[in-house]
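Below: the structure, in C-alpha cells.
The values are calculated or read from the model by the stated rules, or taken from the named source; none is laboratory data. Small disclaimer: the values here were computed from a predicted structure and weren't measured. Heads up, the Cβs are rebuilt from the backbone with ideal geometry, glycines too, and the neighbour counts pull from every protein chain shown. In case anyone asks, the SASA skips ligands and DNA or RNA and just uses the protein heavy atoms, side chains included. Shrake-Rupley method; radii C 1.70, N 1.55, O 1.52, S 1.80 Å.
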Amino acid sequence: MEDSWHQLQPKTGFLVRLADRLTDQSWQTLTQLYQPIIGPSATGLFSALFWLPERESYHRHAILLAELSLDLAHLYAARLRLEATGLLTTRVKTEDDLSSFVYELHAPLTPQAFFKDDLLSVQLLGVVGEELYQALVTANTPVAKPSENEQNITKNFLDVFHVDGDELRDIPAVITHNRETSSPASGPNLSADQVQFDFKLLGELLERSFVDTRAVSKYRQLLLTEHATYGLDEPTMARYIGEATDLATNVFNPEQFKRIVAQAFGLQHRQASVAPATPAPAATDVKGASSAEQALIKVAANTAPAAFLQGIKQNTGGFVTDGEQRIVRDLVSRQLFPESVLNLMIYHVLVDEDRPTLNKNLLDTIANDWSKAKINTPQLAIQKIRERQQAATKPRRSRRQPTVKETLPDWAKKPDGTAQATTKAKLTTAQQKQLQQRIARLEKRSKGKED
C-alpha cells in the first residue's frame, strides 16, 4: 500500500475489471448503506471506474482526477475506503520500470449481509445514529408476510426435476474444480490476531451475571469489533452484553447491543470529565525520551483514539466535533498504524501544532509521511515528531547561494558597524522572528525577487 501511493501519478496507467455483476439493488445499497461510511468521493470513484468507457483497456489516472475534480491525495484516500470496505481490490504491476494498476470492482453486499457484518453495521451506526440506522434497516428488510389463511403449495427442486442419486454422490470434476477456484464473497475482516481481548475473563464475568455464554459465543467477531472501535475492556463488555440479553429467555440481541454501546459511548463523552492519566513508574523507558514524552507514550498506548481525543479536548477547554469523530473513525478503519501511533498523531496536530480541531487534509499528509517512513511504534512516532519540529525551525535557504555582500540596516548594527548578535540574543521570540523576516526580505531584494 505504501509503495502504490508513491507509484501513483496522473500519467500512471490503470484498467478495470468486474469481479461481480452489479444490479439495481447493488447501486441502491452503495448509496444508502456504503456512502455514509466511505463518503461521496469514494462512491463517485466506484461509479467512475464502473462506467469508464472501454474499462478493460489502459487509461491514465488523469482522467479520474478530471472527472471527479480530485487531487491525487484525495483520490488515493477514496481508493483506500473502497478497499477497506471490500468494494475494490487493487493490484500493481511493474514492467520495464513502469507501474500500472488493476482495479477489480466487487459488488456491494446485499442489505441482509451488510447488517449481519459487524464491522460495517457498527461503522454505519456510528456515522448516521440510531434513528436513521433503524430506518435503513426497516427500509431494506422484506416485510411481505403470508396471512393465516394462505397455504404454501410450492414444489421443491426434486418434485419437479429428476436427479440421479449417483450424480449427487459423485459430483462431476468440472463442478468441484470451479468451486475450488472461485473466490469467496469479499468483505472487510477484522483479524482477531491483531486484537488483544481476554475471552476467558469475559466468560467468567458473564457466568457470574447468569448470562448464557453459549448464546454469546457465536458473536465473537462482533465483540472484537466493538472492542477495537471503542476500547471496551472485559468488565464493561460484560455489562453491555447483560443489558442486551433477555435473562428470561437467555437470548442475546446483537442489534440492541450495538445501540447500547453507541449510546453509552456518546453519553460518556458528552458528560464525563476525563482526568489526565497518571503514568505508572517507567517500566519500559524510551531511549532518549524525556519524562514527559515517556508519560505521553504510556497514555497513548493504553487509550482508545476516541477517548484520547476527548481527553485532549477537555484539557484544553474544547469539545469533539462530529467531523473529528468521523476523521478518527476513518483513521482507525484504515488500519495503517497501531492505535498508540494514531494517538500521537492526534496529539501532534492538536497540541504541538496548536490546532483547535483536527484537519483531515493535514492528517492525511502526516499519515502518508508516516506510512512512507514505516512509523509503527510510538517511539518511532516521537522521533518523527522531533524531526518535523526541527525541520520547521530551520530557515529555508535557496539552493543557489548569493555572492552579493549584504549591507545590514542601521537598526541591525552595533555602533562600531558590526552585526549586533548580542542584541538579537536578548530579543523575544516574536522579535527574533520579525528580524529574520526582515533579513529574508533584504536577501530577496538583492536578488531582484521582490516587487
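Might you let me know whether the range 68-83 holds any residue that is of a type in the set (Gly, Ala, Ser) and surrounded by fewer than 17 Cβ atoms within 10 Å (Cβ to Cβ)? Yes, some residue in the range 68-83 is of a type in the set (Gly, Ala, Ser) and surrounded by fewer than 17 Cβ atoms within 10 Å (Cβ to Cβ). Being open to solvent by less than 50 Å² (accessible area, probe 1.4 Å) and in contact (Cβ under 8 Å) with a residue 40 or more places away in the chain, is that true of even one residue in the range 357-364? Within the range 357-364, one or more residues are open to solvent by less than 50 Å² (accessible area, probe 1.4 Å) and in contact (Cβ under 8 Å) with a residue 40 or more places away in the chain. Looking at the range 81-98, can you tell me whether even one residue there is modelled with pLDDT of 90 or more, touching a Gly at 6+ places or on another chain (Cβ under 7 Å) and in a helix (DSSP H, G or I)? Yes, because at least one residue in the range 81-98 is modelled with pLDDT of 90 or more, touching a Gly at 6+ places or on another chain (Cβ under 7 Å) and in a helix (DSSP H, G or I). Suppose the filter is open to solvent by less than 50 Å² (accessible area, probe 1.4 Å) and not in a helix (DSSP H, G or I); does residue 318 pass it? Yes.
For the structure I just gave you, tell me whether residue 27 is surrounded by fewer than 15 Cβ atoms within 10 Å (Cβ to Cβ) and within 30 Å of residue 115 (Cα to Cα). Here the answer is no, as residue 27 does not meet what is asked. Checking each residue in the range 293-311 for being in a helix (DSSP H, G or I) and open to solvent by less than 20 Å² (accessible area, probe 1.4 Å) picks out 297, 300, 305, 308, 309, 310, 311.
Exactly one residue out of 262, 238, 248, 215 is at pLDDT below 75 and either of a type in the set (A, V, I, L, M, F, W, C) or exposed (fewer than 15 other Cβ atoms within 10 Å of the Cβ) (or both): that is 262.
For residue 19, are the conditions met, namely being within 23 Å of residue 117 (Cα to Cα), surrounded by fewer than 16 Cβ atoms within 10 Å (Cβ to Cβ) and under 25 Å from the mean Cα position of the chain (by Cα)? Criteria met by residue 19.
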